[in-house]
Amino acid sequence: MNEIPEVIRTIPLQYYLFFSSTLFVIGIIGVLTRRNAIVIFMCIELMLNAVNLLLTAFSAYRSDANGQVFVFFIMAVAAAEVCVGLAIIVMIYRNLRSTDINILSNLKW
Amino acid sequence: MNSIILLTSFGILNLFVGFRKSNKLILPLVFLFLLIVLAVNFYDWGNTTTYFERMLTIDNYAVAFTGVVVLTTILLIPFAKRYVDEKNESLAEFFSILLFSLVGAIMMVAYENLIMLFVGIEILSISMYVLAGSDKKNLRSNEAGLKYFLMGSFATGILLFGIVLIYGATGAFQITEISAAATAGSGDALTSPLLAMGLLFTLIGISFKVSAAPFHFWTPDVYEGTPTLFTAFMSTVVKTAGFAGFYKLMSVSFAGAYDIWFPTLVAMTVITLGIGNIGAAAQNSFKRMMAYSSISHAGYLMIALLAFNDRSENAIFFYSLAYSVATIAAFGILKLVSDQRDDISYNAFNGLGRTNPLLAAVMTIAMCSLAGIPLTGGFFGKLFIFSAALEQNLLWLIIVAILMSMVGIYYYFRVVIAMYMREPSGERVVVGSSASFALIFMAILTIVMGVLPGLMSNLL
């Protein structure tokens, strides 16, 4: 059984970079085009996961634990964000019976 | 560091105070807590200490900006009195969240490691998402909360991606190590696409948080929908802490890459100044005008960032203090007026000069300060920023900024005209004694900063 960083290093670093960037871009496109608050929220989580993956890859390649520690920080903060975010979405659902962001257009100039 | 510990424990303590049936005690207690934090904060003045394996550094820079954000929050508290009168059940929670979010602001100005910058930004932002949507029954507040949340966490994702690319290029989160790695290879690392992309994404992420154009579009909507008390907090504390953190990142980590980020940032500054000022001039709602005005002030602060010399720190400090005091005064008066007249447009202020001379006078001083009229703090704030920029030979940028601040005079004085030239649109606005005391204090502070700027201009 190999050490996990060694396993990670069996795939070239560029592949991680391309894969994470693709995931990240999918996330961005999702945020910009989808109209359901929960789906947008999922796309944001996808962006964060792309970041986590890339951090782990860099960290394994540099044999530096800092990157992996940062992953824990990101996961903890993302969990806190999920709490607040879902609470806000539930609050809106209670008032409007919908999570479509097109309905929310009271504030406009 | 002591201020972080105190704020956290006071926040928890405050939650327990919320168990009491009457919430009359909360505002005086929070006021007292923040005064203690302010005093303890200045106890650290003059010595530099690092904490958590060099992840946080408390130096004069951090202490000064912590002072600004804590003072701003103190000045905000008297205006929350209506929540007590209405027996709002969540008052203790609101103020605990406010105290916790200050911890995030302090981390943003004291960080030495990008992990701490990220955690600080998130503590501040997540607290603000809650406060933006805190008026649960009000659809506008709901919408503001959701928009702020979605845009804010989107920006967080972009910021994180930037940090990761910087880590990939330099192998460090420590801002001094990044600077060493970024300058070491004789410009080699600087031209690496990984670092350049990382810098770009980080810039975008932070610009979102400080609402600099072209990433400002959430600001007017969110500021308008958020309860006025928390809009005031958002437009002062978040902006001050954001710029302090932004400047620290640029000046420590990417000083060697000035030529690379200068063109991007200069373009953003011009767009920010234009959109902020011209957008504000087109508004009929005072609150929305203040949102655009906060975008335009982000533009002025970015000029100090671009000037990038030893005067910039002081200029940012002085400007954010002057801006925060004037903005809190303006939003405080807006809250008092709009609570009674139920209107956030310019018309709400009609004839205020006759019914409430004190409110009108303080509002006039605040507007003069925001517009940068001499004898107020805002004038010297702009003067310091422009003179720092002049040293960097940015004359054309200063001319753009001065033209834009002339547009500023138009929309800031619309409210003054409404107050003094129009017929009163309602009864006299009832103002509590603590609120009038705070307003008088802010007016005096603004004028003192405008008459004796030397008191604060050489602190850092």
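The values are calculated or read from the model by the stated rules, or taken from the named source; none is laboratory data. Quick caveat, the model's predicted, so the values are computed rather than measured. Every residue, glycine as well, gets a Cβ built from its backbone with ideal geometry; the counts of neighbours run over all protein chains shown.
Results, tabulated for the structure shown:
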{"quantity": "Which listed residue, of A:V31, A:V25, is part of a helix (DSSP H, G or I), closer than 26 Å to B:I126 by Cβ and more than 9 Å from chain B (Cβ to nearest Cβ)", "calculated": "A:V25"}
{"quantity": "Residue identified as within 21 Å of the chain's Cα centre (by Cα) and either assigned to a helix (DSSP H, G or I) or modelled with pLDDT under 90 (or both) among B:V400, B:V362", "calculated": "B:V362"}
{"quantity": "Scan of the stretch A:2-26 for residues that are of a type in the set (A, V, I, L, M, F, W, C) and farther than 13 Å from A:S59 by Cβ, ordered by number", "calculated": "A:V7, A:I11, A:L17, A:F18, A:F19, A:L23, A:F24, A:V25, A:I26"}
{"quantity": "Contacts under 7 angstrom Cβ, first residue in the stretch B:157-171 being facing chain A (nearest Cβ under 7 Å), partner of a type in the set (G, A, S), 6 or more apart", "calculated": "B:G157/A:G27; B:Y167/A:G67; B:G171/B:A181"}
{"quantity": "Members of the stretch A:18-35 that are over 17 Å from B:G157 (Cβ atoms) and at pLDDT 90 or above", "calculated": "A:F18"}
{"quantity": "Residues satisfying the stated conditions in the stretch B:418-434, i.e. surrounded by fewer than 13 Cβ atoms within 10 Å (Cβ to Cβ) and either part of a helix (DSSP H, G or I) or small (G, A, S) (or both)", "calculated": "B:M421, B:S433"}
{"quantity": "Identity of the residue in the stretch A:70-79, at the interface with chain B (Cβ under 7 Å from one of its Cβ atoms) and farther than 22 Å from A:E3 by Cβ, that ends up nearest to the chain's Cα centre (by Cα)", "calculated": "A:I74"}
{"quantity": "Odd one out for A:L54, checked against (1) surrounded by 14 or more Cβ atoms within 10 Å (Cβ to Cβ); (2) part of a loop (DSSP other than H, G, I, E, B)", "calculated": "(2)"}
{"quantity": "Residue match in the stretch B:187-197 (condition: hydroxyl-bearing (S, T, Y), surrounded by fewer than 21 Cβ atoms within 10 Å (Cβ to Cβ) and more than 9 Å from chain A (Cβ to nearest Cβ))", "calculated": "yes"}
{"quantity": "In the stretch A:57-109, the residues that are part of a loop (DSSP other than H, G, I, E, B), closer than 30 Å to B:M116 by Cβ and touching a residue at least 12 places away in the same chain (Cβ under 8 Å)", "calculated": "A:S63"}
{"quantity": "Any hit, the stretch B:238-250, residues being surrounded by fewer than 24 Cβ atoms within 10 Å (Cβ to Cβ) and among the polar types (S, T, N, Q)", "calculated": "no"}
{"quantity": "The lone exception for B:K136 - which of (1) more than 9 Å from chain A (Cβ to nearest Cβ); (2) modelled with pLDDT under 90 it fails", "calculated": "(1)"}
{"quantity": "Residue list for the stretch A:2-51, restricted to those being among the charged types (D, E, K, R) and more than 16 Å from the chain's Cα centre (by Cα)", "calculated": "A:E3, A:E6, A:R9, A:R35"}
{"quantity": "Condition broken by B:M406, with the remaining ones in (1) over 26 Å from the mean Cα position of the chain (by Cα); (2) aliphatic (A, V, I, L, M); (3) part of a helix (DSSP H, G or I) satisfied", "calculated": "(1)"}
{"quantity": "Number of the exception - B:L375 against (1) at pLDDT 90 or above; (2) more than 20 Å from B:L273 (Cβ to Cβ)", "calculated": "(1)"}
{"quantity": "Some residue of the stretch B:349-372 being free of Cβ contacts under 8 Å to residues at least 40 places away in the same chain, closer than 30 Å to B:V266 by Cα and either touching a strand residue (DSSP E or B) at 6+ places or on another chain (Cβ under 9 Å) or surrounded by 15 or more Cβ atoms within 10 Å (Cβ to Cβ) (or both)", "calculated": "yes"}
{"quantity": "Count of the stretch B:267-292 residues which are more than 14 Å from chain A (Cβ to nearest Cβ) and farther than 27 Å from B:M116 by Cα", "calculated": "7"}
{"quantity": "Test: residue in the stretch A:42-49 that is polar (S, T, N, Q) and assigned to a helix (DSSP H, G or I)", "calculated": "yes"}
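For every residue, the table says whether it meets (1) at pLDDT below 90; (2) loosely packed, with under 13 Cβ neighbours inside 10 Å; (3) among the hydroxyl-bearing types (S, T, Y); (4) in a strand (DSSP E or B).
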residue	(1), (2), (3), (4)
B:K21	yes, yes, no, no
B:L29	no, no, no, no
B:F33	no, no, no, no
B:A39	no, yes, no, no
B:N47	yes, yes, no, no
B:E53	yes, yes, no, no
B:T57	no, no, yes, yes
B:A62	no, no, no, no
B:V68	no, no, no, no
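Matching residues to (1) facing another protein chain (nearest Cβ under 9 Å); (2) at pLDDT 95 or above; (3) buried (at least 17 other Cβ atoms within 10 Å of the Cβ); (4) over 22 Å from A:F24 (Cα atoms):
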residue	(1), (2), (3), (4)
A:F58	yes, no, yes, no
A:Y61	yes, no, yes, no
A:A65	no, no, no, yes
A:Q68	no, no, no, no
A:E81	yes, no, yes, no
A:I88	yes, no, yes, yes
A:M91	yes, no, yes, yes
A:S98	no, no, no, yes
A:N102	no, no, no, yes
